[in-house]
Amino acid sequence: MSETRVSVVVTGTAWMGGGIGSIESALARIFREAEQEIALTAYAISNGADPLFDWLEAALVRGVQVRLIINRLNDQPSDVVARLYRIATTYPHFHLYDFVAEGDADLHAKAVMVDRRLALIGSSNLSRRGILFNHEIAVLVEGPAVTEIGNALDRLLSSRYVREVIPG
């Protein structure tokens, strides 16, 4: 694909319909189509994000390398942290990173990038509400521009604010 394509996806009944796809379907597609790598940034992962964990583990079973950078890991719900630790110790190609900046700065970006060819950038947290119910919007990007998104995520990973929690 030599051209970048962008499509809008949403959650929330006010936006649905009229040919606009859903964030849930876009995320399912991204995880399903991953062959080599998935990189995610998350401000919050909350209870009830079971589809996310199912998609994540299905990709890991296929051997896809996953890098998840989450804002202030220890501030996430304890059952989510426990599940992420279990996944990290089960799959050596799952790399869990904690983002902690100085002061009140947070990692508020919500991005999922796959194989440097497909990415979802939007407003929704990785939660049941964010994936299914809140009124959220995102763009699904396909093509050469995704390499730039991957490069930005690589740069974030090498910043002083990010540390790997359990080396894969």
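The values are calculated or read from the model by the stated rules, or taken from the named source; none is laboratory data. Keep in mind that what you see is a predicted model, and the values were worked out from it rather than measured. As a convention, Cβ positions derive from the backbone with ideal geometry for all residues, glycine included, and neighbour counts pool all protein chains shown. All accessible areas refer to the heavy atoms of the entire protein, side chains included, with ligands and DNA or RNA removed. Shrake-Rupley method; radii C 1.70, N 1.55, O 1.52, S 1.80 Å.
What the table below lists for this structure:
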{"read-out": "Contacts under 9 angstrom Cβ, first residue in region 1-30 being over 23 Å from MET113 (Cα atoms), partner outside any loop (DSSP other than H, G, I, E, B) and polar (S, T, N, Q), 6 or more apart", "value": "MET16/SER22"}
{"read-out": "Complete set of residues in region 51-66 that are open to solvent by less than 10 Å² (accessible area, probe 1.4 Å), touching a Phe, Trp or Tyr at 6+ places or on another chain (Cβ under 6 Å) and in a helix (DSSP H, G or I)", "value": "ALA59, LEU60"}
{"read-out": "ILE69 vs. criteria open to solvent by less than 50 Å² (accessible area, probe 1.4 Å) and either in a strand (DSSP E or B) or within 30 Å of GLY17 (Cα to Cα) (or both)", "value": "yes"}
{"read-out": "Boolean, ARG83 is assigned to a loop (DSSP other than H, G, I, E, B) and farther than 18 Å from ARG29 by Cα", "value": "no"}
{"read-out": "Filter pass, LEU96 being at negative phi, at pLDDT 95 or above, among the hydrophobic types (A, V, I, L, M, F, W, C) and not in a helix (DSSP H, G or I)", "value": "yes"}
{"read-out": "Hits in region 35-50 - residues which are of a type in the set (A, V, I, L, M, F, W, C) and in a loop (DSSP other than H, G, I, E, B)", "value": "ALA44, ALA49"}
{"read-out": "Lone unmet requirement of (1) under 14 Å from the mean Cα position of the chain (by Cα); (2) closer than 21 Å to LEU96 by Cα; (3) at pLDDT 95 or above for LEU140", "value": "(2)"}
{"read-out": "Residue check, HIS95 surrounded by fewer than 16 Cβ atoms within 10 Å (Cβ to Cβ), within 30 Å of SER7 (Cβ to Cβ) and in contact (Cβ under 8 Å) with a residue 12 or more places away in the chain", "value": "no"}
{"read-out": "Residues of region 1-34 satisfying the condition of being in a helix (DSSP H, G or I) and either of a type outside the set (Val, Ile, Thr) or under 16 Å from ALA59 (Cβ atoms) (or both)", "value": "GLU24, SER25, ALA26, LEU27, ALA28, ARG29, ILE30, PHE31, ARG32, GLU33"}
{"read-out": "Any hit, region 152-159, residues being in contact with an Asp or Glu (Cβ under 6 Å, 6 or more places away or on another chain), open to solvent by less than 30 Å² (accessible area, probe 1.4 Å) and in contact (Cβ under 8 Å) with a residue 12 or more places away in the chain", "value": "no"}
{"read-out": "Residue match in region 1-22 (condition: of a type in the set (D, E, K, R) and either open to solvent by less than 10 Å² (accessible area, probe 1.4 Å) or closer than 18 Å to LEU132 by Cβ (or both))", "value": "no"}
{"read-out": "Hey, GLY130 in a helix (DSSP H, G or I) and crowded, with 21+ Cβ neighbours inside 10 Å or not", "value": "yes"}
{"read-out": "LEU107 being part of a loop (DSSP other than H, G, I, E, B), closer than 27 Å to GLU35 by Cβ and either open to solvent by 60 Å² or more (accessible area, probe 1.4 Å) or among the hydrophobic types (A, V, I, L, M, F, W, C) (or both)", "value": "yes"}
{"read-out": "Of the criteria (1) closer than 25 Å to VAL9 by Cα; (2) open to solvent by 50 Å² or more (accessible area, probe 1.4 Å); (3) outside any helix (DSSP H, G or I); (4) free of Cβ contacts under 8 Å to residues at least 40 places away in the same chain, which one ARG116 fails", "value": "(4)"}
